[in-house]
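Asker: Got a structure here, written out as structure tokens. Questions coming.
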Amino acid sequence: MSATQIRIEIANDTHLEQIAHLGRELGYLDSAEQFAERFRALRDIDTDHVVVALDEDNRVCGWCHVGLRTSLLVALHAEIK
């Protein structure tokens, strides 16, 4: 059995349809257009990023939205959203 190579990179517009597909598999019924609208809004926030996991065929096999969180109660930290 050979190991599968997974690459992590910052998400871009070419990944949106596949991200939306994975979201639907998780029960989120939003359309690709709805995901795209929110993704484009997030790109303008320099404390938030969406990353994708790509398989050897450059297919999105996972994604994560991470952002910095500030609070009076805890130190600055990254939060998976």
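The values are calculated or read from the model by the stated rules, or taken from the named source; none is laboratory data. This is a predicted model, so every value here is computed, not measured. Using ideal geometry, Cβ is built from the backbone for each residue, glycine included, and neighbour counts are taken over all protein chains shown. These accessible areas exclude ligands, DNA and RNA; they are computed on the full protein's heavy atoms, side chains included. Shrake-Rupley method; radii C 1.70, N 1.55, O 1.52, S 1.80 Å.
Asker: Mind checking the angle between helix 32-43 and the chain's longest principal axis? C-alpha axes, 0 to 90 degrees, to the nearest 10.
Answerer: 50 degrees
Asker: Using only helices, what value at 222 nm comes out for the chain when you add -39,500 (n - 2.57) per DSSP H run of length 4 or more and divide by the total residues, to the nearest 500 deg cm²/dmol?
Answerer: -8000 deg cm²/dmol
Asker: I would also like to ask the following. Can you send over the carbon and sulfur percentage of the accessible area for segment 8-81, probe radius 1.4 Å, protein chains only?
Answerer: Details: 2920 of 5200 Å².
It is 56 percent, rounded to a whole number.
Asker: Right, here's the next one. Could you tell me which label, among [x] 14.4, 50; [y] 12.4, 44; [z] 13.6, 43, carries the value of Rg and Dmax of the Cα atoms in Å calculated for this structure?
Answerer: Comparing each candidate, only [x] matches the computed number.
Asker: For a quick protection proxy, order the peptides 61-74, 14-27 by their average other-Cβ count within 10 Å, most packed first.
Answerer: Output ranking for 61-74, 14-27: 14-27, 61-74.
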